[in-house]
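Here's the structure, in structure tokens; my notes come after.
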Amino acid sequence: MATKNNKQQEYSADQITVLEGLAPVRKRPGMYIGNTGIEGLHHLIWETVDNSIDEAMAGFCDHIIVKLLPNNMVEVSDNGRGIPVEKHKQTKKSALETVMCTLHAGGKFEGQGYKVSGGLHGVGISVVNALSIYTKAEIRRDGKIWAQEYRCGKAIKNVKAVGKSKNTGTTITFEPDPKIFKEIDFQWKKILNRLRQQAYLTKGIKINIIDQRDEVKNKKEYCFYFEGGIASYVKHLNQNKEVKHPTVFYTEKEQDEVNVEIALQYNSDYQEELFTFANNIHTPEGGSHLAGFKTALTRVLNSYARKKNILKEKDINLTGDDVREGLTAIVSVKVKEPQFEGQTKSKLGNIEVKSIADSVFSKNFEFFLEEHPKEAEAIIGKCVIASRARLAARAARDSVLRKGALDGMTLPGKLSDCSSRKPEKSELYIVEGDSAGGSAKQGRNREFQAILPLRGKVLNVERARLDKILANNELKNLVIALGTNIGDQLDLEKIRYHKIIIMTDADVDGAHIRTLLLTFFYRYLKPIITGGYLYIAQPPLYKISVGKTFKYAFNEEEKNLIMQEFQSKRKTKENEKPEEDAGSQGINVQRYKGLGEMNPEQLWETTMDPATRVTKKVVIENAEEANSIFDALMGADVYARKHFIQANAKTVKNLDI
């Protein structure tokens, strides 16, 4: 790895600040990494990589290597300055041991070691160490290789020199503690997505990811390097879309110690893709940087449209929704002292960042529009069409979603509502077809379960505006039943049910209807998903019975296990023939092709009874990936859909043709 000695003297033990001890981490790990499930497990990698990214943002590192090793080991290596190893004045121990074994110890406090940083501000690496059964730190610094090993956050031996090196950098190897993490399964795709994003956000950084868990059969390696930074990120997000202008707008400027980096490009879609980051930390709830960008975007485009006489005196201004239709944008800021709001730290609260983001973006975007008149014309044209469609949609919405309908006075005739008026206790089943709807209505608990049957396949909303959506009876009835309104007027507090369950047949048509509904919720009712209200029912595929005894199986594996169980119990007095098939042994296997094949009692006990049913909660784990998949599967690009199907065909199980 390349040597970075030129500024190494600026980072020493004096710059390591200690706030408090490490003891609470193993007792309450969820406080530090969110949870001890798969998300928390991967957080260990994110925290370790964040330290290397901080070195890159400070200008001391340009290469990071992440390795997944056998026996649940992970190795993260960089060519930064290397963690200091000399004795720390306050702790009287090596600075390395202080950083690794003390909570809130690092170079990120008081603005000394780092100007800006991500991660948990010095918490990261000590938490990784505390939650690992084994950790090793190797430091290349001062011409030597220094090493120290740890168990569950405690140093085994003192720091010592173990070799010589002309390079600098840090290598951290850790093995998560199986007593803390019940499931240790590092997911390759999740790691790739996260590190690709970090490579986009840190212009010029090279990140290698190597999977060596099974070198003989399945060694994998990726390398990310994006010289264009977030401009390349925008191109990546728009790769399967029809763009309205070829040049990606990009600007970067530091103002009042805040670095602002913004890239954008418009496409022909009706949705916006807007991702915001503060110190490389994703801020899904936005914050002051997003507010500044949105305000400037709307103001600049209105000003340009009037200046060029595209908007006349009599015309109303373009709204924020108009100027963001079809927009793909990345807003990334780096702040010396970021203030994050909310339980999940997902919103930037620094008030001063709003005016800085507004100022930096507006000046440079105005210049871009003047310098690229054809591109400006395409952007304004897209916004004007969006404005006209919005006015048409408003007229449609006003005529369809009257106040009385939203208050539940004129609910759809097909809706069999529940008697409860408490949303937190009420459920809505969205059911495919009248046959299944009839069984569901008879089998449900009328007190808290409502049924809305849908006729046929609903509209694919991926390429439809709101006025067309509200002209579709099935979707219109669904919106009225939910009570939330739709789009920019959606009010989650008015939701009539806290559990909305999509219940379709376990076949290809059912899967298609489910996908169409998920597209609708994701594109136009996303707060219902992020609020945790959307679920998918899991009706059984098989009923396996012997005489009057029966069990339900939800997949092929369960069916085989139940059959084995029945076969083992079925002992004959005379010679048993193990080669007999299920039928000859009196085992009856019924394959359900649709919900309508079940009588009301079966539907209740298998799919609707809260005590026995299985439901899947719909969550948006990765917004960027979700956008990409919906666009590929439901959009107009046939090649993108074909490529997705070819790439994922081998992973499909139980394909019903």
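The values are calculated or read from the model by the stated rules, or taken from the named source; none is laboratory data. Only a predicted model underlies this, so the values are computations on that prediction, with no experimental measurement involved. Counting neighbours? That spans all protein chains shown, and the Cβs are built from the backbone with ideal geometry, glycine included. Surface areas here come from the heavy atoms of the whole protein model, side chains and all, with no ligands, DNA or RNA. Shrake-Rupley method; radii C 1.70, N 1.55, O 1.52, S 1.80 Å.
Under 5 Å between amide hydrogens, built in the peptide plane, is the criterion, and for K220 it picks out D211 among residues at least 5 positions away or on other chains. Note that the range 166-175 has calculated 3J(HN,Hα) couplings of 8, 9, 10, x, 10, 10, 10, 10, 9, 10 Hz, one per residue in order, obtained from phi through the Karplus relation 6.51 cos²θ - 1.76 cosθ + 1.60 (θ = phi - 60°); glycine and proline are x. Between amide H atoms placed 1.01 Å from N, distances below 5 Å from T504 occur with A537, all of them 5 or more places distant or on a separate chain.
When we measure straight from the Cα of K89, which aspartates and glutamates land under 18 angstrom away, once same-chain ones fewer than 8 places off are left out? Result set, ordered by chain and number: E10, D14, E20, E97, E110.
Pairwise inverse Cα distances across the range 409-484, averaged and inverted, put the Kirkwood hydrodynamic radius at 13.2 Å.
Which semi-axes, in whole Å and largest first, does the equivalent ellipsoid of the range 191-281 have when worked out from the alpha carbon gyration tensor as the square roots of 5 times its eigenvalues?
28, 19, 11
Straight-line reach from K382: taking Cα to Cα under 24 Å and skipping same-chain neighbours fewer than 8 places apart, the lysines in range are K235, K241, K244, K294, K307, K308, K312, K314, K363, K374, K468, K526.
Exposure check, 1.4 Å probe, all protein chains in place: H282 carries approximately 70 Å² of accessible surface.
Rounded to whole numbers, the Karplus 3J(HN,Hα) couplings from phi for the range 80-95 are x, 7, x, 4, x, 10, 5, 5, 8, 4, 7, 8, 6, 10, 4, 4 Hz, using 6.51 cos²θ - 1.76 cosθ + 1.60 with θ = phi - 60°, and x at Gly and Pro.
Taking a 29 Å limit on the Cα-Cα distance, which of the listed pairs K422/K593; K27/K93; K220/K334; K93/K166; K136/K220; K189/K616 fall beyond it? Before the final figure, lay out the partial values.
Details: K422/K593 35 Å; K27/K93 24 Å; K220/K334 33 Å; K93/K166 25 Å; K136/K220 24 Å; K189/K616 21 Å.
Correct reply: K422/K593; K220/K334.
When each of the peptides 531-541, 271-281, 183-193, 508-518 is scored by how many other beta carbons lie within 10 Å of its residues on average, the order from highest to lowest is 271-281, 531-541, 508-518, 183-193. Ranked by the mean number of other Cβ atoms within 10 Å of their residues, highest first, the peptides 461-470, 125-134, 66-75 fall in the order 125-134, 461-470, 66-75.
Here S303 and E252 are evaluated by their C-beta separation; at R0 = 25 Å the FRET efficiency comes out at 0.65.
Annotation: amide H of L411 has no partner in the under-5 Å range at sequence separation 5 or more or interchain, hydrogens built in the peptide plane. Stokes-Einstein diffusion for the range 482-570 at 10 °C, viscosity 1.306 mPa s, with a Kirkwood radius from C-alpha pairs, works out to 101 µm²/s.
Here the 3J(HN,Hα) profile of the range 152-157, calculated from phi with Karplus coefficients 6.51, -1.76 and 1.60 at θ = phi - 60°, is 6, x, 10, 5, 7, 9 Hz, Gly and Pro shown as x.
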